[in-house]
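Chemist: This is the structure, below, for whatever I ask next.
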Amino acid sequence: MAFKVSTAPGFAHDRDPETFIGIEYPLKKGDNLNGYFASTATTLQAAKTNVKMLLETSQGERLMQPQLGTGLRRYLFEQATDELRILIENDIVDSFAKWLPFLTVVDITVNMTNNTLEISVSFALSGNPGSTASVAVSIGE
C-alpha cells in the first residue's frame, strides 16, 4: 500500500525547528543556539535575504564572482523614463534567472525620485508557488 507524503505547505526542513537555512542580513550576532551569526529558519526567509543581497550588490563588487549582482547603481542619474524602468526590470529578471533560479518573479515596482531608486520585488518559491514574499530596497540613499 502506498502512503501519501504530507502536503503541508513549505519544505520538509522548514518544519524542523533544529534546522537553519542561511544567515540573516545584515549580519548580527545570533543567540549562540544556531551559530555565531543570526540564522534564517525557513526557505522563504533565506530567499528574502538572498534577494536583498542580489539587488544591493553591484556587478564586480564580489570577489571571485564578478558577474554577481544587478548593477542598479548605474541607473541612478539617468533620466526617469518608461524605457529605463523596463530596462531595470529586465536586468532584475535576468539576474534572478542566473543567480536565483529557484525563485519566480511575480511583480517588480520601480520608483525613481531624487536620484534614488526604490525597488520592490515580489517573488515565489518555484517549488511552492503558494509561498510568496516581497523585498523592498532603496539604492542611492
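Chemist: Could you list, in sequence order, the residues of region 86-116 that are part of a strand (DSSP E or B) and either touching a residue at least 40 places away in the same chain (Cβ under 8 Å) or open to solvent by 50 Å² or more (accessible area, probe 1.4 Å) (or both)?
Modeler: Scanning region 86-116 gives Leu103, Thr104, Val106, Asp107, Thr109, Asn111, Thr113, Thr116.
Chemist: Kindly indicate which of Gln65, Gln59 is open to solvent by 80 Å² or more (accessible area, probe 1.4 Å) and of a type outside the set (Phe, Trp, Tyr).
Modeler: Matching residue, one of Gln65, Gln59: Gln59.
Chemist: Answer yes if at least one residue in region 81-92 is closer than 21 Å to Gly22 by Cβ and touching a helix residue (DSSP H, G or I) at 6+ places or on another chain (Cβ under 8 Å), and no otherwise.
Modeler: Yes, some residue in region 81-92 is closer than 21 Å to Gly22 by Cβ and touching a helix residue (DSSP H, G or I) at 6+ places or on another chain (Cβ under 8 Å).
Chemist: Considering only region 38-53, I want to know if a residue exists there that is open to solvent by 30 Å² or more (accessible area, probe 1.4 Å), under 30 Å from Asn114 (Cβ atoms) and polar (S, T, N, Q).
Modeler: Yes, that holds for at least one residue.
Chemist: Looking at (1) in contact with a strand residue (DSSP E or B) (Cβ under 6 Å, 6 or more places away or on another chain); (2) more than 18 Å from Ser138 (Cα to Cα), which one does Val110 not meet, given that it meets all the others?
Modeler: (2)
Chemist: Just to be sure, is Ala80 open to solvent by 50 Å² or more (accessible area, probe 1.4 Å), small (Gly, Ala, Ser) and in contact (Cβ under 8 Å) with a residue 12 or more places away in the chain?
Modeler: yes
Chemist: Filter region 117-129 down to the residues that are open to solvent by less than 20 Å² (accessible area, probe 1.4 Å) and either of a type in the set (D, E, K, R) or within 16 Å of Glu56 (Cβ to Cβ) (or both) and list them by number.
Modeler: Selection gives Leu117, Ile119, Val121, Phe123.
The values are calculated or read from the model by the stated rules, or taken from the named source; none is laboratory data. What you are looking at is a predicted structure, and each value in this text was computed from that prediction instead of being measured. Note that each Cβ is placed from the backbone with ideal geometry, even for glycine, and that neighbours are counted across all protein chains shown. When the accessible area is computed, the model is the full protein with side chains, heavy atoms only, and any ligands, DNA or RNA have been set aside. Shrake-Rupley method; radii C 1.70, N 1.55, O 1.52, S 1.80 Å.
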